[in-house]
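The values are calculated or read from the model by the stated rules, or taken from the named source; none is laboratory data. No experiment lies behind these values; they were computed from the predicted model shown. FYI the Cβ positions are ideal-geometry reconstructions off the backbone, even for glycines, and counts take in every protein chain you see. These area figures cover heavy atoms from the full protein model, side chains too; ligands, DNA and RNA do not enter into them. Shrake-Rupley method; radii C 1.70, N 1.55, O 1.52, S 1.80 Å.
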Amino acid sequence: MSSSVQNLKRLTLRDLQSTYLKKEKLSMLTAYDVVTAGILDEAGIEMLLVGDSLGNVILGHETTLPVTLEDMIRHTSAVVRGTQRALIICDLPFGTATDPETALRASIKVLQKTGCQAVKLEGGLHCASIVKKLTEQGIPVMGHIGLVPQSIHQLGGYYQHGKTESSAQYLLESALTLQSAGAFSIVLECITHEIASGITRKLNIPTIGIGSGSDCSGQVLVINDLVGLSLKPPPKFAKPRADVASVIRKAAREYLNEIKTTSEDHRPETKEEECLAGLS
Ligand code: KIV
């Protein structure tokens, strides 16, 4: 734990609400491990999301669908252990929020086993009863609408939402319904700037945008996209601020080179010595 975040109190929903009411933008990044989480906490990021993007970013799956609740619990626990100040949110993975009871059982497990403060779930209107159930039980819920990667097969690809009138209408209705159900915030993923801006103005809870323009109440990015640590190019909206992949590649090549060019060779020189070495 870094000394600069020692003895800091963890941010609460009330802290985030007061930042929002002051019209200050909110910051969120994904984190999946103790070291990165500790560094982001030290940098002052207010919310760390253990996203089920874990599946693509860390575990190498094509989609987020194979991610399990156990995966989320393991990584969220690490993120909680590495941080003192940031509010930690755990994504409910595919199949764990299909109805209010299932989502409640999964969320209780997550909060009890990890020590995180909130859960996030993907989906619009149809998720209202789930959000209501969880918030009635004192579990803070972040909503997530627009491009919802757990529904990738139904959506048929990664594209911008809110372009047609019916899509825009559905997104606005979803946002208002999730707010009424008790969500403390909503992620707007890949929604046109105009629609994201309109939704943000109509809500009285913060929207956190990703690829949805600059008018949201806050922004979130996948940490690997922010720091250039990936085998694939980042999405268009993510501007990498560093090239960590190059730093690692350079260090590994230097290390490799040093090993290969070290001249000392401790192998026994004669057959007899080789046999004796084997016996000792
Ligand atoms: O899983 C994730 O990382 C997310 C963010 C992109 C919002 O849901």
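Label points 7 Å out from Cα along the Cβ direction at E70 and S166: separation in nm?
Placing both labels 7 Å along Cα→Cβ, they lie 4.2 nm apart.
Contact order normalised by length for the chain, with contacts defined as Cα pairs under 8 Å and 6 or more residues apart; what percent is it? If you can, show how the numbers build up before the last one.
Values: 494 pairs, mean separation 40.8, N = 280.
Computed value for the chain: 15 percent relative contact order.
Among the listed pairs K163/K202; K9/K113; K202/K236; K25/K239, which have their C-alpha atoms separated by more than 22 angstrom in this model?
Distance filter (> 22 Å) returns K202/K236.
Sort K202, K236 by accessible area with a 1.4 Å probe, largest first.
So, going from the largest accessible area down, we get K236, K202.
Would you please name the chymotrypsin sites (Phe, Trp or Tyr not before Pro) within the range 143-183 that are DSSP coil residues with at most 15 other C-beta atoms within 10 Å of their C-beta?
Within the range 143-183, the qualifying chymotrypsin sites (Phe, Trp or Tyr not before Pro) (loop, at most 15 other Cβ atoms within 10 Å) are Y158, Y159.
I need the trypsin sites (Lys or Arg not before Pro) found in the range 1-81, filtered to DSSP loop residues with at most 11 other beta carbons within 10 Å of theirs. Before the final figure, lay out each step's value.
On the way: sites: K9, R10, R14, K22, K23, K25, R74, R81; in loops: K9, R10, K22, K23, K25.
Filter output for the range 1-81: K9, K22, K23.
Return the calculated 222 nm mean residue ellipticity for the chain, to the nearest 500 deg cm²/dmol, obtained by summing -39500 (n - 2.57) across DSSP H runs with n ≥ 4 and dividing by the residue count.
Computed mean residue ellipticity for the chain: -13000 deg cm²/dmol.
Near T76, within a Cβ-to-Cβ distance under 15 Å, what is the net charge of the other residues, with Lys and Arg +1 and Asp and Glu -1? Walk me through the numbers before you get to the answer.
Details: positive: R10, R74, R81, K109, K113, K120; negative: D33, D41, D52, E70, D71, D91.
Every neighbour counted, the sum reads 0.
If you average the alpha carbon positions of the range 35-51 and of the range 62-77, how far apart do those two centres end up, in angstrom?
18 Å
Based on C-alpha coordinates, I'd like the Rg and Dmax of the chain, in Å.
In Å, with Rg to one decimal and Dmax whole: 22.6, 84.
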